[in-house]
Structure formats: C-alpha cells, structure tokens
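Below you'll find the structure, written out as structure tokens, and then a few comments.
The values are calculated or read from the model by the stated rules, or taken from the named source; none is laboratory data. Note that the coordinates shown come from a computational prediction; the quantities given were computed from them, not determined experimentally. As a convention, Cβ positions derive from the backbone with ideal geometry for all residues, glycine included, and neighbour counts pool all protein chains shown. Note: accessible area is taken over every heavy atom of the protein model, side chains too, but ligands, DNA and RNA are not part of it. Shrake-Rupley method; radii C 1.70, N 1.55, O 1.52, S 1.80 Å.
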Amino acid sequence: MSFNNPNRNNPQKGGASYKITPFRSYSQMDNTSALATFQSLASAMDEIHNRNASTLSFEELYRNAYNLVLHKHGNLLYEGITERLTVHLRRCGGRLVRLQRDIHSGQSSSSAVVIGGGGDAKSNATAGSDSLLQYRLLEELSKAWTEHRITMVMVRDIFMYMDRTYVPQQRKRPVYDLGLWLFRRVVWERSMGDDEDRVDESGGLSMSNVNNNSIEDHPTMAMTTTTLGNVASTLLLQVIHQDRLDRLDDAPQRMALLRSLVQMLLELAHASNGAYADAASSFRRGGGAAATAAANVSGVNMPVYERDFEEAFLGESQDFYRVESTSRLSHGISSETTNSSGNSSSSLSAAANNDDDEDGKPAAKYSAMEYVHRAQSRLQEERVRASTLDLPASTRAALLRIVETELIERHARTLVEMEGSGFASILKVVASSPAIGSVAA
C-alpha cells in the first residue's frame, strides 16, 4: 500500500513519498503446538532433576515458556510444571519411605541377634550400628531437600516470565514456592504406608489432585496416619535428647544435620503462607465450619514448623527438665508433676531420672547451691543449643522460659527450705558467724 504526496516533487514543501506496510497477521499458537512446546520444557526439567543441566540452553527454554504464556497457555504451563515436579517428588518420597522400612527391619533383626546372645563385642557392635542407622533417614532427607532447592532455583529461572505475569493474575504460587509447597505435601506429609513411585494410573497429577489428597484437607488423617514427617520429627527429638544426656557421637556433625532440617521446616512453613487460589481451605471446599474446627484441633492448619517440630520440641524439653529437676532434689516426683505430665514424649525424658550427672554425682544428692549451679549450666547449654540449631527467636524465648520454670521456679521453696543446705540454712549460718556479728556491731 502506498500513499502519494502531491508535493513529492518539491522537497521544500515536504515532497517525500510514504509507503505504509500492512501489519503481519497474528497467529495464535494452537493446542498441539503448545503441548509440543511444553514437552520440550518438561524434558528440560527432567534433565535438571537428573543433574544434566549443562546440556540445556536456558535462553531457548525461557523463550519457549514466554511464548506459552504470551499465547494464553499459562494454565497448561503451570499445571504441567506441577505435574513434573510431583512426579520427581513422588519418587523421592517413595525412596525415603522404603529406606526407613529397611532401617527399621535392620534394627529389628539386630535386636533379635542381641537377644539371642553372641558375646559382648558383638552386642556392642550391633548397638553402634543401630546408632548410625537412625541418622540415615535424616541424612537422606536433608540431601533430598538440598538437591530439590538447587533444582527449584534453576526451574524458577526458566519460568520467570510466568511468575511476573500469569502467577499474580491467577493468584497462583510462584514457581519456587510451588516447589517447596509440593515438597511438603508430597514428601514430608507422605504416608509411611505409601511406597509407590507412581503418581496415579494415568501417570499424571493435577493441582486439584495434590490439594484433595493432602493431610491438611483430611483432618482425621493427621490423627491416624504416620507420615514421613512424623518419623523424622521423632528422630530429631531423639538426637536432641541424646545431646542433652551428653551421649551424642559426632555431636557437631549431628547438630549441623539437625540445623539444616530445622531450616527446611522454617522454609516450608514460609512457602505455605499466602492466600492462593490453589490453597483453598477445607471450608471453601465444602467441609464447612465443622471440618475447619476439626483441622484446627488436630493442628493441621498450623505452619509445618510449629506443628511438626516446635510444639513437640518444647513439650519434650519441659518433660525432660521436669524429670531431671525432681530427680536432682530429695523430695522425688510429686503428684502434681505426675498429673500435669501426661505427654507420651515423657518416656524419652524418664531416662534422666536414673542417670548420674556428668560430674559423677548420683541423682538426688545435690545441695541447694550445687543444684543452682547445675541449673545455670543447663540454661547456658540450652542457649548454645538454640544458637547451634538457629532456632527462631520465639522458640528460643519459650525454651529458656521452660528451663527456668522447671529447674528453678517450681522448686524455689524447696531450695530455700532444704534441710542442712537450703538457702535459709545458709543465711542462718552466715548471720550467726562472728565476722558478721562484728560488722553489724
């Protein structure tokens, strides 16, 4: 198309000619082309999971993801990413479940060997191997978490344009947070009875399937099903208990492992926050107020860190120091202590009742002054432990408050009135000494 200017032969009057070219016709990407484009992205995600990212062109992958969003195939892309991530996490979770079963079987068989006899050397070797086996799951879980985070950083870079446009428009989770959220749902909340790697019969999984098969959406499941997270949390508490008893082998290495897992729970809790369209509550799904109330009672609506670690950690700490404090004094465990401590985790703490102190002093042989020094030492130990694990400030404050309450406040009157060594007796001795009398005169 051309446009003739009547003054084209007179340069002084703007006699230039103009030529207007038509716009190129816009061709919408059809579903077949969109599926083919996504398959290339899915293959790239598989390569990233298999640690073959060096062979990929991230510029080309970014362009393909950009074109899918641009041509209104954002939902296909987002659901496809969810599916591929879930497939890999299912395999990871199944491997961890099978590992824990093998560890449990190995511990059971070794226990049978010890019961059957075979000499002290063999029994000691078996006990040592059991102490190493209990860390295997935690080590493999930490390794899986570290690799998943590295994977998600690379995946996030590919789908950066979708994060900036489609995700906020549709109130979806950003890709990185989606990966962490799926790790919680598919790995951490994995039932110990589910060791299959397959997602479902069709080999795929949509976002609705992930939502509807979560413990968070079935409050009764949280009270009846043992999950991988439950097992890992119990192992975490056992390691901390052994550290408090000064029986932890390779303590710096073990505590570093615990620190990484605590930070994992904190990051999973952060990724679960937010009002997203893919995280509808049980009330909006038709569960109603009753389902929401049941979820609150069972704790499934709590952030994963508080629900699966902090609550149990603080409860175990309270039980441990309650038992230790009563065993270090001469009056034994009162009925008040017995009635108020109905927690199953007290079985871990009960061991402190029969143990000698690190200084070799038997239980219930402490004077008031020695007990206070011991309590101060315990308080400092917990400060160091909280710093080593990098616990949140709220958890640290609650932990130190528990230690002060259980070791000092609950026994303040006993420490004052303890016969022969209580602080009242010490003050009487001090007041009656000649030196004090001369000073007073």
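Hey, among the residues in segment 371-381 that are of a type outside the set (A, V, I, L, M, F, W, C) and touching a residue at least 24 places away in the same chain (Cβ under 8 Å), which one's nearest to T326 (Cα to Cα)?
Y371
Quickly run through segment 122-167 and pick out the residues that are at pLDDT below 95 and among the polar types (S, T, N, Q).
Residues satisfying the conditions are S123, N124, T126, S129, S131, Q134.
Could you tell me which numbered condition R51 fails, if it satisfies all but one of (1) open to solvent by less than 40 Å² (accessible area, probe 1.4 Å); (2) at pLDDT below 95?
(1)
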